[in-house]
Amino acid sequence: MRMDLSKLTMICLFHGMTMAGTRDQILFLLINPWGQVLATILIKILFLPKNMRLPRIWTLSYRHFSRNTLNWLKMNFTLLENHMLDTIFHLSHRKSINFKGLAIGNGLTNPRIQYQAYPQFALDNKLITKEDQAEINKLIPPCLDATDTCGVDGEKACETALQVCQKIFTGILDIAGNINYYDIRKKCEGQLCYDFSNLEKFLNNNEVKEALGVGKIEFVSCSSEVYDALVQDWMFNYDQFLPELLENGIKVLIYAGEYDLICNWIGNSQWVHAMKWSGQKQFGASKTVPFLVDGKNAGSLNSYGALSFLKVNGAGHMVPMDQPKASLQMLVNWIEGKLNGTKI
């Protein structure tokens, strides 16, 4: 059955956890890194009663779907009779909403695998030499040990793992110089390597705040308060939640811009291929095919069953900003089943 896009209340392909759908169903869920406000807006529009306000904790900043946020949603969404997170991550027990698919764009989903990919990506893109790579690779074993400890002990051990593993990333930046690690074609300008002043000005406009019902809270592009609250989740492995979705026929799309260093396509491809599920072998043997937009090659696609991986050409960390037309085509194709042959 073809999905009628005209019935969607909103589609928001931007940073943050983003849902699209009508008030009585969720059609798909997009998780993009560094989100803060747009997910709040969309959930407020689609699902929340008028007398229920989101607390300040509802901000998804950084590169994953944090356990703190999952817990908050589980606690509050039971009031809405959707039981959304229980449904999404425990589909074998409950199927109370029409959940169709999930996409993660340039995410840090399995740090243990993705940190190992930094030196190879940097070498392939001539940010470092072969000799540099050999030296930086010496930092990988301690990173793996620390990540394993994080998985067992959690909390402070995860902060330690981040400190240990970040030496790989910062070692590359020390050699590469002032590059934009979200898009290696560019220089890093400003605190976040981009100028988000127009966005901040818009979201801090009093009329906009009033329309959103957020009171006097000041919007910032990157909140240190949120960072501190989520830092212990940075090194946690989140791909463990995906196999159950795949086994239940929920479509999963992982996409990454080719010029992003910090959540690069090599690391994303590696964890997707390493993820254990019933279609792992077939996905690994799938043919890489071009992703075409207006007859031109806009990326490289692998698909099997409910899983798709897309490397987007000419894009960095923020694929929708760098390649808006290709992003829209990706989204429409995915919804209509033209990426992997199965309609949402």
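The values are calculated or read from the model by the stated rules, or taken from the named source; none is laboratory data. This structure is a prediction, so every number in the text was calculated from the model and none was measured. A quick note on method: Cβ atoms are made from the backbone with ideal geometry, for glycine too, and the neighbour counts reach across all protein chains shown.
Of a type outside the set (A, V, I, L, M), farther than 22 Å from Gln166 by Cβ and assigned to a strand (DSSP E or B): is that true of Pro243 in this structure?
no
Quick one: is Ala176 in contact (Cβ under 8 Å) with a residue 24 or more places away in the chain and either crowded, with 19+ Cβ neighbours inside 10 Å or polar (S, T, N, Q) (or both)?
The answer is no for Ala176.
Please determine whether any residue of the stretch 250-268 is acidic (Asp, Glu) and over 14 Å from the mean Cα position of the chain (by Cα).
Looking through the stretch 250-268, at least one residue is acidic (Asp, Glu) and over 14 Å from the mean Cα position of the chain (by Cα).
When you go through Leu91, Leu70 one by one, which is the residue that is at pLDDT below 50 and either in contact with a helix residue (DSSP H, G or I) (Cβ under 9 Å, 6 or more places away or on another chain) or surrounded by fewer than 19 Cβ atoms within 10 Å (Cβ to Cβ) (or both)?
Every option except Leu91 fails the conditions.
Considering only the stretch 310-326, how many residues are farther than 11 Å from Phe291 by Cα and either surrounded by fewer than 24 Cβ atoms within 10 Å (Cβ to Cβ) or among the polar types (S, T, N, Q) (or both)?
Of the residues in that region, 8 qualify.
Condition check ((1) out of contact with any Pro (no Cβ under 8 Å at 6 or more places or on another chain); (2) farther than 22 Å from Ala256 by Cα; (3) assigned to a loop (DSSP other than H, G, I, E, B); (4) at pLDDT below 90) across all residues:
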residue: Gln133; (1), (2), (3), (4): no, yes, no, no
residue: Thr147; (1), (2), (3), (4): no, yes, no, no
residue: Glu159; (1), (2), (3), (4): yes, yes, no, no
residue: Tyr227; (1), (2), (3), (4): yes, yes, no, yes
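The rows are residues; the columns are (1) without any contact (Cβ under 8 Å) to a residue 40 or more places away in the chain; (2) under 26 Å from Glu159 (Cβ atoms); (3) in the same structural domain as Thr149 (by TED's automatic domain parsing).
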| position | (1), (2), (3) |
| --- | --- |
| Asp228 | yes, yes, no |
| Tyr238 | no, yes, no |
| Glu244 | no, no, no |
| Gly249 | no, no, no |
| Leu253 | no, no, no |
| Asp260 | no, yes, no |
| Asn264 | no, yes, no |
| Trp271 | no, yes, no |
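Are any residues in the stretch 208-233 surrounded by 10 or more Cβ atoms within 10 Å (Cβ to Cβ) and either under 17 Å from Gln191 (Cα atoms) or in contact with a Gly (Cβ under 9 Å, 6 or more places away or on another chain) (or both), and if so, which ones?
Within the stretch 208-233, Lys209, Phe219, Val220, Ser221, Cys222, Ser223, Glu225, Val226, Tyr227, Gln232 meet the criteria.
Do the conditions hold for Ser278, that is, is it of a type outside the set (Val, Ile, Thr), farther than 16 Å from Thr109 by Cα and in contact with a Pro (Cβ under 9 Å, 6 or more places away or on another chain)?
yes
Of the numbered conditions (1) hydrophobic (A, V, I, L, M, F, W, C); (2) buried (at least 22 other Cβ atoms within 10 Å of the Cβ); (3) within 30 Å of Cys165 (Cα to Cα), Trp334 satisfies every one except a single condition; which is it?
Of everything listed in (1) hydrophobic (A, V, I, L, M, F, W, C); (2) buried (at least 22 other Cβ atoms within 10 Å of the Cβ); (3) within 30 Å of Cys165 (Cα to Cα), Trp334 misses just condition (3).
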